[in-house]
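The values are calculated or read from the model by the stated rules, or taken from the named source; none is laboratory data. Every value quoted in this text rests on a predicted model; they were computed, and no experiment measured them. When we count neighbours, we look across all protein chains shown, and the Cβ atoms used for this are built from the backbone with ideal geometry, even at glycine.
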Amino acid sequence: MIDIKTEEFESMISAGIDTIPEKYYKNLQNVVFVAADEPTPEQRNSLKLHCNQTLFGLYEGIPLTKRNSNYNLVLPDKITIFRLPIAHISNNSTEALQHVKKTVWHEVAHFFGLDHDSIHRLESKQKR
């Protein structure tokens, strides 16, 4: 576990956003990225997380694939990246940055309507 200051963590999130390919980034509309220390009790309850489970990030909103012509005048979708869980599994800042980048990508994929299985398949293809 490392100690990541809030400002450093927010910079890591910005770096993660900067790595989103342009073809996806230009379609990120009505979404905000935020940093938080850890998931709230309400977030944990809504996802039915057990006490031994945690999150690195969370997408809250309506994925692009579920939006229709009635989608207007709504609050922005939210992607939250959680500092303490990432700090807990990281041995240094470089490793933490890699976890943040991967988490940003994962949550952006949810914004575009991908489920966990689809995301993992894409990640597996990228590793080859």
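Residues in the range 45-89 that are of a type in the set (A, V, I, L, M) and assigned to a loop (DSSP other than H, G, I, E, B): L47, L49, L55, I62, L73, V74, L75. For the range 90-100, does any single residue satisfy the condition of being in contact with a strand residue (DSSP E or B) (Cβ under 7 Å, 6 or more places away or on another chain) and in a loop (DSSP other than H, G, I, E, B)? Looking through the range 90-100, none of the residues is in contact with a strand residue (DSSP E or B) (Cβ under 7 Å, 6 or more places away or on another chain) and in a loop (DSSP other than H, G, I, E, B). Here E107 qualifies as charged (D, E, K, R), in a helix (DSSP H, G or I) and within 18 Å of T65 (Cα to Cα). Being farther than 27 Å from D3 by Cβ, surrounded by fewer than 13 Cβ atoms within 10 Å (Cβ to Cβ) and of a type outside the set (K, R), is that true of even one residue in the range 107-116? Looking for residues that are farther than 27 Å from D3 by Cβ, surrounded by fewer than 13 Cβ atoms within 10 Å (Cβ to Cβ) and of a type outside the set (K, R), one finds at least one in the range 107-116, hence yes. Quick check, is Q53 closer than 15 Å to F111 by Cα, modelled with pLDDT under 95, loosely packed, with under 15 Cβ neighbours inside 10 Å and not acidic (D, E)? When the stated conditions are applied, Q53 does not pass them.
Within the range 111-122, residues that are modelled with pLDDT of 80 or more reach partners that are exposed (fewer than 13 other Cβ atoms within 10 Å of the Cβ) and part of a helix (DSSP H, G or I) with beta carbons closer than 7 Å, at six or more positions or on different chains, in the pairs G113/T65; G113/K66. Just one residue in the set I86, I20 is modelled with pLDDT of 95 or more and either touching an Asp or Glu at 6+ places or on another chain (Cβ under 9 Å) or at negative phi (or both); that residue is I86.
Just so you know, in the range 65-86 the residues that are hydrophobic (A, V, I, L, M, F, W, C) and surrounded by 19 or more Cβ atoms within 10 Å (Cβ to Cβ) include one that is nearest to H110 (Cα to Cα), and it is I79.
Name the residues in the range 79-128 that are within 17 Å of D37 (Cα to Cα) and acidic (D, E), would you? Residue satisfying the conditions is E107 alone.
Can you tell me which residue is surrounded by the most Cβ atoms within 10 Å (Cβ to Cβ) among those in the range 8-44 that are of a type in the set (S, T, Y), part of a helix (DSSP H, G or I) and without any contact (Cβ under 8 Å) to a residue 40 or more places away in the chain? Ranking the candidates gives S11 first.
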